[in-house]
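Read the structure below first, then the notes.
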Amino acid sequence: MEGQEGAQQPHLVLAHKLFLLSHPDVDDIEKVRLRDEVVDAVKIHDMASLYESLAASSVLGIDAAVLDSMRKRIEDELKKLDDKIADAEENLGESEVREAHLAKSLFFIQIGDKEKALEQLKITEGKTVAVGQKMDLVFHTLQLGFFYMDFNLISKSIDKAKKLFEEGGDWERKNRLKVYEGLYCMSTRNFQKAANLFLDSISTFTTYELFSYDTFVFYTVLTSIISLDRVSLKQKVVDAPEILTVIGKIPHLSEFLNSLYDCQYKSFFSAFSGITEPIKLDRYLQPHFRYYMREVRTVVYSQFLESYKSVTMEAMATAFGVSVDFIDLELSRFIAAGKLHCKIDKVAGVLETNRPDAKNALYQATIKQGDYLLNRIQKLSRVIDL
């Protein structure tokens, strides 16, 4: 169950296949292949409870003989593990007892029994002294959380890991935790924090049990584009040697990033359409697909309009390689939502920008907060007088 360097954790591979199996955009022929691979994985790991739940939801057909053989193997393996724990407690030292309990924890993770796995991991933690080993148990819990997309479990485990690091801990595990937390932030739509955590880990990435380095770069670029300003994007992403070494392997990603930075908007829209497919087929990004698409368009339209006080709709449509009607419809939505600071003169066919003055906005905010503070002081003085 340990994630080896360069190898993704088998259960997370299975989770992705289950996600694709229920995805409406995956064709039927591909789903037949995925179904066979899911059945094979379930049988290899004796995931009896998952097999039953998939059969109940009509994802797989159930074979009673296969299910019975799984349960028999689970029963036999648990007996061996319990005997090993008993033997270690009677005849061996504390480290051997811990290893025996850890083996049982990993077995419950392997068969997909979430509740028993968490219970056994807690018992194993009670037998563990070293901070590094306790951290490894937290990583197992986090992998379990990502398999079930249990964000409450993931959040609690990240907080627990941070507390453990206050007691000590090596840099390798700290860097791994940043990737886990970054994935959690991305999965819960906190793209700003996710981008910062991913960028901090770009040169020290070793978290192959979650995903490959190519996938990590894919996530880093996507989150950075909607989170960083142009100067930071250039320094940390566009010119980053770690990203440059692999970005060419990922379809449309290099064009997506560089055309945005180089203001090649027609090329950007071409790459933009190509990048939508891998986002839709990613189990962590898919729930935020529509939100991400809006945020990217906000970034690119804002960047274009920043250079102008006013610009014709036709010029903007030509720059993006789309029709005037499309730009009109797009911008009207973003303006109404308060995402873009401009107005459309439909008669003249012109866009006029009205970017707010930063100093004036700060002055207004200070006045507002000052009024609020004075009101609070007045209320407090009345209470004191009473």
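The values are calculated or read from the model by the stated rules, or taken from the named source; none is laboratory data. Everything numeric here is computed off the predicted structure, so don't read it as measured data. As a convention, Cβ positions derive from the backbone with ideal geometry for all residues, glycine included, and neighbour counts pool all protein chains shown. These accessible areas exclude ligands, DNA and RNA; they are computed on the full protein's heavy atoms, side chains included. Shrake-Rupley method; radii C 1.70, N 1.55, O 1.52, S 1.80 Å.
General remarks:
- Scan the stretch 108-135 for residues that are more than 19 Å from Ser95 (Cβ to Cβ) and either hydrophobic (A, V, I, L, M, F, W, C) or open to solvent by 20 Å² or more (accessible area, probe 1.4 Å) (or both) and the total you get is 11.
- Any hit, the stretch 46-53, residues being in a helix (DSSP H, G or I), open to solvent by less than 40 Å² (accessible area, probe 1.4 Å), modelled with pLDDT under 90 and hydroxyl-bearing (Ser, Thr, Tyr): yes
- Of all residues in the stretch 201-227 being among the small types (Gly, Ala, Ser) and not in a helix (DSSP H, G or I), the one that is surrounded by the most Cβ atoms within 10 Å (Cβ to Cβ): Ser227
- Per the conditions (1) assigned to a helix (DSSP H, G or I); (2) of a type in the set (Asp, Glu); (3) open to solvent by 60 Å² or more (accessible area, probe 1.4 Å), the sole criterion not satisfied by Asp25 is (1).
- So Lys162, is it open to solvent by 70 Å² or more (accessible area, probe 1.4 Å), part of a helix (DSSP H, G or I) and either polar (S, T, N, Q) or touching a residue at least 12 places away in the same chain (Cβ under 8 Å) (or both): yes
- Of all the listed residues (Phe191, Phe198), the sole one being more than 25 Å from Ser270 (Cβ to Cβ) and either open to solvent by less than 60 Å² (accessible area, probe 1.4 Å) or free of Cβ contacts under 8 Å to residues at least 40 places away in the same chain (or both) is Phe198.
- Only residues that are open to solvent by 30 Å² or more (accessible area, probe 1.4 Å) and under 19 Å from Asp325 (Cβ atoms) were counted across the stretch 338-349, and they come to 6.
- Selection within the stretch 290-309 - outside any loop (DSSP other than H, G, I, E, B), surrounded by 14 or more Cβ atoms within 10 Å (Cβ to Cβ) and either in contact with a Ser or Thr (Cβ under 8 Å, 6 or more places away or on another chain) or of a type in the set (Ser, Thr, Tyr) (or both): Tyr292, Met293, Thr298, Tyr301, Ser302, Leu305
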